[in-house]
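Working notes, structure below.
The values are calculated or read from the model by the stated rules, or taken from the named source; none is laboratory data. Remember, it's a predicted structure, so these values are computed and weren't measured experimentally. All Cβ positions, even for glycine, are placed from backbone atoms using ideal geometry, and neighbour counts span all protein chains on display. Note: accessible area is taken over every heavy atom of the protein model, side chains too, but ligands, DNA and RNA are not part of it. Shrake-Rupley method; radii C 1.70, N 1.55, O 1.52, S 1.80 Å.
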Amino acid sequence: MSKGQESRRVFAVLGTAVFLLVVPGTVVGLVPLWISRWHVQAPFLGFTPFHVIGALLIAAGIPVLLESFGRFALQGVGTPAPIFPTQYLVVKGFYRYVRNPMSIAVVSVILGQALLLGNIRVLAYAIFVWLAFHLFVLIYEEPTLRKSFGVEYETFCAHVPRWIPRLSPWREGSE
């Protein structure tokens, strides 16, 4: 690895760590705290298992978020931030199942918080965040990735869904 590539990788790891703390930290941590004050209310529709389902969504979302962020830095050699994008298209890990695992993980954690806390305003916020991600993906991310990675990205899109994960992992060249 050349000195320039090594420097880029270090910057990618540091930039990704900062981005993770600032953006998902705010979206998943601070905003739900401001909305709910972490006050647990009665479960939605009086259905107590919603609290457990919420905890499971949080527990499932956090490792997906962390793994996906790490993959961006180490394999993509860039960050999720548009100002320092990846050099390489990331198609491994959770990206073999769904094109936007970071966004799904963030929404899962917020939805989990809504269910765990029984807070309708956090639930509305989760829907708002998903809609914002969806618009960002359609308007900015997908056109940018098509321009940056061309046929490689088109092939990825043809085999890996945007939001609903595949049941089995996609392997390049297998379909």
query: In deg cm²/dmol and to the nearest 500, what is the mean residue ellipticity at 222 nm of the chain if only DSSP H runs of at least 4 residues count, each as -39500 (n - 2.57), divided by the residue total?
result: -20500 deg cm²/dmol
- request: Mind checking the per residue accessible area of the range 1-63 for me, 1.4 Å probe, whole number of Å²?
  value: 66 Å²
- prompt: At a 1.4 Å probe radius, carbon and sulfur cover how many percent of the accessible area of the range 1-138?
  reply: 77 percent
message: Run through the range 1-87 and list the trypsin sites (Lys or Arg not before Pro) located in a DSSP loop whose Cβ has at most 14 other Cβ atoms within 10 Å.
response: Arg37
Pairwise centroid distance, computed over Cα atoms, of the range 93-164 with the range 10-63, Å: 15 Å
query: Can you tell which of Ile83, Ile58, Leu115 lies farthest toward the positive end of the dipole of the range 50-151, using +1 and -1 charges on the Cβ of basic and acidic side chains (Lys, Arg; Asp, Glu)?
result: Ile83
task: Sort His159, His39 by accessible area with a 1.4 Å probe, largest first.
output: His39, His159
statement: Largest fluctuation, Gly25, Gly150, Gly61 only, Gaussian network model of the chain with Cα springs under 10 angstrom, belongs to Gly150
